[in-house]
């Protein structure tokens, strides 16, 4: 089953990072300090889960036991962890002018505000076990 939703607003990376980080704090994720190595290891784990989904030829997004699963979900978990880390390190961080014009920043912003990946974010941002 693929979940769909309409994007109701366009957020910049800083706004996403702040919302994700605030949610992580509410759920106790940052009660204990996390090292940079811990964050990298968690990102690696999410990417490994995406690879496992891919190797098992599972769909981009599906639901299992009421929980979103799939390649896209694991990839977005990685993005969520990265944005959470950015907000924990420097809430005022903004891409430099040269980065803002790069395809990388534009693509991430588009993906996170488009309708195909937004369901994963809206479902997972309230997840107790996920930042």
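The values are calculated or read from the model by the stated rules, or taken from the named source; none is laboratory data. Remember, it's a predicted structure, so these values are computed and weren't measured experimentally. Cβ atoms come from the backbone with ideal geometry, glycine included; neighbour counts cover every protein chain shown.
Checked against (1) farther than 29 Å from residue 90 by Cβ; (2) modelled with pLDDT of 95 or more; (3) surrounded by fewer than 16 Cβ atoms within 10 Å (Cβ to Cβ), residue 61 passes all but condition (3). Pairs meeting the criteria (first residue in the range 23-40 and exposed (fewer than 10 other Cβ atoms within 10 Å of the Cβ), second residue outside any loop (DSSP other than H, G, I, E, B), beta carbons under 8 Å, at least 6 apart or on different chains) are 36/85. What are the residues in the range 29-53 that are over 16 Å from the mean Cα position of the chain (by Cα), assigned to a helix (DSSP H, G or I) and under 16 Å from residue 80 (Cβ atoms), if any? Hit for the range 29-53 is 38, nothing else. For the range 31-55, the set of residues classified as touching a helix residue (DSSP H, G or I) at 6+ places or on another chain (Cβ under 8 Å) and closer than 9 Å to residue 74 by Cα consists of 46, 47, 49, 50, 53, listed by residue number. Out of 103, 114, one residue alone is over 18 Å from residue 11 (Cβ atoms), exposed (fewer than 12 other Cβ atoms within 10 Å of the Cβ) and modelled with pLDDT under 95. It is 103.
Listed here are the residues, each with its yes/no results for (1) within 21 Å of residue 91 (Cβ to Cβ); (2) modelled with pLDDT under 95.
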| residue | (1), (2) |
| --- | --- |
| 7 | no, yes |
| 10 | yes, yes |
| 16 | yes, yes |
| 25 | yes, no |
| 28 | yes, no |
| 38 | yes, no |
| 41 | no, no |
